[in-house]
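**Q** Provided herewith is a single structure, encoded as structure tokens, for subsequent inquiry.
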Amino acid sequence: MKTKNLPINKVKLNPNNPRVIKDDKFNKLVKSIQEFPQMLELRPIVVNSDMVVLGGNMRLRACQEAGFKEIPVVIADELTEQEQKQFIIKDNVSFGVWDWDNLANEWDSEELGEWGIDLPNFETNKELDYSVLDDVDIDSQLDEMAGAVRKAIQIEFEPEHYEEAQELVKFWREQKLYIGGFLIEKLKQEKNALQ
């Protein structure tokens, strides 16, 4: 497979691509391509033999919006119809997670935001205002919830432990383990060991 530059009007958007980028994120993509067009050479749009996009539908739209006349493409004409469908999905799947510590310490947060990364708002020295709860009858709300079949408690994990925790919960759910009861027993054991 080789990259070719083609007139943009020869490349067709894929109407069956289930992934879209809208509004502010799309505007950031357009700006990103305008400011760094070499990115397209490094990651060209993938098309089938009919010039329909398999990978890069939103990049094509951004190029159209930016007024490009030509774009780099890779023609994947050897893929079967099933492989093309598979490629459309797999090209859009994101398996990784951001290392927030690395981003916070090694990168400029303003640039990251401009490049399209949604950064969490970690305000470190701000006091939380719980006064909004003063007029809320929490006891009656808790009584109402008591009749529910299932309840949830939020458990915090450091970013580096999140994936492992998610995998463990999934594993034990598949084993039909009542995770809440299991966790309560473990927490009781730890509490008793400390006393």
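Here, each number is a calculation from the coordinates, and none is a lab measurement. Bear in mind that the values here come from a model prediction, so they are computed numbers and not experimental data. Virtual Cβ from ideal backbone geometry, glycine too; neighbours counted across all protein chains shown.
**Q** What order do you get for S49, S32 when you list them from fewest to most C-beta neighbours inside 10 Å?
**A** Ranked by crowding around the Cβ, least crowded first: S49, S32.
**Q** Based on the Cβ-Cβ distance of D118 and D91, what FRET efficiency does E = 1/(1 + (r/R0)^6) give at R0 = 25 Å, to the nearest 0.05?
**A** E(calc), rounded to 0.05, equals 0.75.
**Q** For labels at A193 and N9 in the simple 7 Å Cα→Cβ model, what's the distance in nm?
**A** Those two pseudo-labels are separated by 7.2 nm.
**Q** Identify the residues of the stretch 50-67 with backbone N under 16 Å of a label point that sits 7 angstrom from the Cα of K25 along the Cα-to-Cβ direction, or state none.
**A** 56-62
**Q** Turning to a different aspect of this structure: If you rank M58, M39 by fewest surrounding Cβ atoms within 10 Å, what's the result?
**A** Neighbour counts put them in this order, fewest first: M39, M58.
**Q** Residues with amide H under 5 Å of K12's amide H, sequence separation 5 or more or different chain, H placed in the peptide plane at 1.01 Å from N; which?
**A** Residues meeting the criterion, in which the H sits 1.01 Å from N, are V52, V53.
**Q** Hey, got the Cα dimensions of the stretch 3-90 along the principal axes, in Å, largest first?
**A** Result, largest extent first: 35, 25, 21 Å.
**Q** Among 163-175, 80-92, what's the highest-first ranking by average C-beta atoms within 10 angstrom per residue? If you can, show how the numbers build up before the last one.
**A** Values: 163-175: 11.1, 80-92: 13.2.
Per-residue Cβ counts within 10 Å, averaged per peptide and sorted highest first, yield 80-92, 163-175.
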